[in-house]
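The values are calculated or read from the model by the stated rules, or taken from the named source; none is laboratory data. Just so you know, these numbers come straight off a predicted model, no measurement behind them. Neighbour counts run over all protein chains shown; Cβ positions are idealised from the backbone, glycine included.
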Amino acid sequence: MGLKGDLATMGLEDIFQWLAVGKKTGILELNGFLHTKRVSFHDGRITGVWSSDPREYLGQYLLAFNRITEEQLREALATQEDENQLLGRILVSRQLITEAEIRRIVQLKVDESIFDVFLWEIGNFEFHDGAPPPQKSVLLQLDVTGIVLEGARRVDEWKRIKKIIKGGDAVIDAISEAIAEMLPLAADDADVLSRLDGTKTVDQLVIEMRATDFKINKLLFDLHEKGMVRIVHPGGRLGERSSLQLQRARQLVEKQKLQEAQTELKILLDEQPRLQEATRMLEVVEHLLEDVSIDQTLVPELAVSIEELMQAQLGPNEAFLATRVNGVWSIKDIISISPFASEECMTIFAKLLKRGILKVHKAFPGGTQPGERRF
């Protein structure tokens, strides 16, 4: 027996409990206005999650926990493409991480991916009864009850957080005197506080720390409660009406009605020009309309000085990709380790090339550069 509907009508808590009580086996597909997730069940227990959100890929979690470097991830992903192996298995075989650590991080990744759906304001679901899980995956056996209780707790906490930090465009600054009185600090608190400069947005912190929206907002909220940070700007330009408009634009893109999506997004941005979600989506749409084609095997390099790059007023996603340009990695290499969708990365590279910030050249044999010799 299948089940489908709108998350506004039947919440995730009720869906999970129905699947657990009925000891269902199959795939629960969850569609938000930006991402799709599939949760696999066996006898009413969660065995795994697949997500279209690049931020939730295993490699991004390993980077966030400083278990591997970007170079190690890039090399492992290249091997994965050639040999069609699980990323975790490749890293274990290279003795970069243990199987126990991989399983722990995979479970954390699954938990966080599901908890994120509890915070969705818009979405729909469909349960595919009896559908098998992906053949190549690390299978878990997670009890639904604990997931549901934590998800409900986060929903309540998220409501409290959003009264203070209203959106990803919020800007927060540290209060040095208060911090000095609270030493020593927990590692996560020290990390986030070291990055605050009075101009950086919450969205930028999420990218820099490769953390979930909930984690960063919760850290900042708790620090605010302790009097260690102040709110420079509360943010919060994404209201209910904007969410519906973004959902409609996303649906238009999926149906390849790009001109209509472009019109919808431009109307929204006329009303709210600093809405980052709409800006990013519009860049993708306009990239598709222009049919800009870039060879991903080309190697980008800076066409400006570091000083000029710092003054180029790049967005957080643009800055992330630009700072990974080293004259050795190809565009494909950089995309593989980034927490953004491939289409968005290609749009950003096209934009940076047009602005003259980047230039590209063909990869040299064996990764050598002009003036270098290999022995």
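Below are the figures for this structure:
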quantity	calculated
Elements of type helices (runs of 4 or more DSSP H) contained in segment 1-105, each with 2 or more residues being under 23 Å from the mean Cα position of the chain (by Cα) and surrounded by fewer than 17 Cβ atoms within 10 Å (Cβ to Cβ)	70-83
Tally of residues being crowded, with 16+ Cβ neighbours inside 10 Å and out of contact with any Asp or Glu (no Cβ under 8 Å at 6 or more places or on another chain) across segment 282-293	3
Any hit, segment 158-180, residues being assigned to a loop (DSSP other than H, G, I, E, B) and exposed (fewer than 14 other Cβ atoms within 10 Å of the Cβ)	yes
Some residue of segment 115-125 being in contact with a strand residue (DSSP E or B) (Cβ under 8 Å, 6 or more places away or on another chain), assigned to a helix (DSSP H, G or I) and of a type in the set (S, T, N, Q)	no
Hits in segment 240-264 (condition: under 12 Å from GLU286 (Cα atoms), modelled with pLDDT of 75 or more and of a type in the set (A, V, I, L, M))	ALA261
Among (1) closer than 23 Å to LEU314 by Cβ; (2) touching a residue at least 60 places away in the same chain (Cβ under 8 Å); (3) of a type in the set (Val, Ile, Thr), the one test that VAL192 misses	(2)
Of all residues in segment 285-299 being at pLDDT below 80 and in contact with a helix residue (DSSP H, G or I) (Cβ under 6 Å, 6 or more places away or on another chain), the one that is nearest to CYS345 (Cα to Cα)	HIS287
From the options LEU220, LEU142, LEU193, LEU205, residue that is of a type in the set (A, V, I, L, M, F, W, C) and more than 22 Å from the chain's Cα centre (by Cα)	LEU142
Pairs where the first residue, in segment 98-114, is in the same structural domain as VAL39 (by TED's automatic domain parsing) and farther than 16 Å from LYS215 by Cα and the second is outside any helix (DSSP H, G or I) and of a type in the set (Phe, Trp, Tyr), C-beta under 9 Å, 6+ apart	GLU101/PHE65
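Here's the yes/no breakdown for (1) over 21 Å from THR69 (Cβ atoms); (2) in contact (Cβ under 8 Å) with a residue 12 or more places away in the chain:
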| site | (1), (2) |
| --- | --- |
| ALA186 | yes, no |
| GLY198 | yes, yes |
| ASP203 | yes, yes |
| GLU208 | no, yes |
| ILE216 | yes, yes |
| HIS224 | yes, yes |
| GLY227 | yes, yes |
